[in-house]
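No lab work stands behind these numbers, since they all come straight from the coordinates. Since the model is a prediction, treat every value here as computed from it, not as a measurement. All Cβ positions, even for glycine, are placed from backbone atoms using ideal geometry, and neighbour counts span all protein chains on display.
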Amino acid sequence: MSHIKTENLTYTYSAGTPFKITALDNVNIDIEKGELVAVIGHTGSGKSTLVQHLNGLLKPSSGRVLLDGEDIWSSKEKVRSTRFRVGLCFQYPEYQLFESTVYKDIAFGPSNMGLSEAEIDERVRRAAKYVGIPDEMLGKSPFDLSGGEKRRVAIAGVISMEPEVLILDEPTSGLDPAGREQILAILKNYRKMTGNTVIVVSHSMDDVARFATKVIVMNDSRVEDSGTVDEVYENSAHLSEIGLSVPQVTEVFIKLKKLGYPVSEKIYTVEQGYSELMRLFSERGLLK
């Protein structure tokens, strides 16, 4: 059974007015438990609107969102429980920090779940460990931290509620390369340690190629394509047509292929590119 699924999901902003906009148009996605899914697409394609439906933040104009086969809007109780089971971290989540200490910010979610103080403390420290926040940082003001540290605190605040599905909207946006690497490592490690489903909205085709087990492409409010990185990225011409570009390393190998070098065009990460070049050099006796 699918872990989270949408059936003909449609959503219209400002319905019934001259300013109505259809943000989602009969969207059908199917995500299995434990997948690390990337949702990609140009600005305005419907990515953020889609993920805001998955935890009940937005209610469909028509269609359904199913969590473990049950409609999340079947009752008020179901919607409420879904918002704890499916955690959503917005873009630039550090702007939502407001407590006096890092500890209190991470504890905010669990505190609203009716848990004991001991359970809250355990969850805060476990979430902090997942994102690389040391114990000595928990007593600091979140406003004294660096941008990358604030981002990790905000993510820990969602993780502390221990959702079955963790959704992050552009989690590396605005970070320097080191900060991006740190966030991506956290997501991969979190999935490995928990086995939970992780859904990431991203505009970075390079990052997606390195972490995703499944890719969903949004275009003009619809699902344009979905599949593995190989299945989606191999049609680079079509991706370009809808405003997306394959990773730079892929473009390099496509050009090498056109120049007559016997290399694979299915190269999407620097690591893959290095291995492919080493193979070519070895075959030509260029390695000592």
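Shape class for region 247-288: oblate, because the ratio a/c of the largest to smallest gyration tensor axis (alpha-carbon atoms, square roots of eigenvalues) is 1.5 or more and b/c is at least a/b.
Which of Lys78/Lys192; Lys5/Lys47; Lys5/Lys78; Lys47/Lys129; Lys33/Lys150; Lys76/Lys129 have a Cα-Cα distance over 23 Å? Checking Cα-Cα distances, Lys78/Lys192; Lys47/Lys129; Lys33/Lys150; Lys76/Lys129 exceed 23 Å.
Annotation: the antiparallel percentage among DSSP beta bridges lying fully within region 4-246 is about 50. For the chain, the pair-distance distribution built from all alpha carbon pairs, in bins 5 Å wide starting at 0, is 1, 5, 11, 14, 16, 15, 13, 10, 7, 4, 2, 1, 0, 0, 0 percent. Entry for region 36-130 at q = 0.11, 0.14, 0.17, 0.24 Å⁻¹: log10 I(q)/I(0) = -0.44, -0.69, -0.95, -1.26, Debye formula applied to identical alpha-carbon scatterers, no solvent contribution.
Among Thr194, Ile133, Ser240, which residue has its Cα positioned farthest towards the positive end of the charge dipole of the chain, with +1 placed on the Cβ of Lys and Arg, -1 on the Cβ of Asp and Glu, and the dipole taken about the Cα centre? Looking along the dipole axis, the top candidate is Ser240.
For Lys255, the aspartates and glutamates whose Cα falls under 17 Å of its own Cα, not counting residues fewer than eight places away in the same chain, are Glu234, Glu265, Glu276.
Remark: relative contact order (region 247-288) = 34 percent; criterion is Cα-Cα distance under 8 angstrom and separation of 6 or more residues. Highest-first packing order for the peptide set 178-188, 250-260, 32-42 is 32-42, 178-188, 250-260, based on the mean count of other beta carbon atoms within 10 Å.
In region 51-96, the inverse of the mean reciprocal separation of distinct Cα atoms equals 11.2 Å; this is its Kirkwood hydrodynamic radius.
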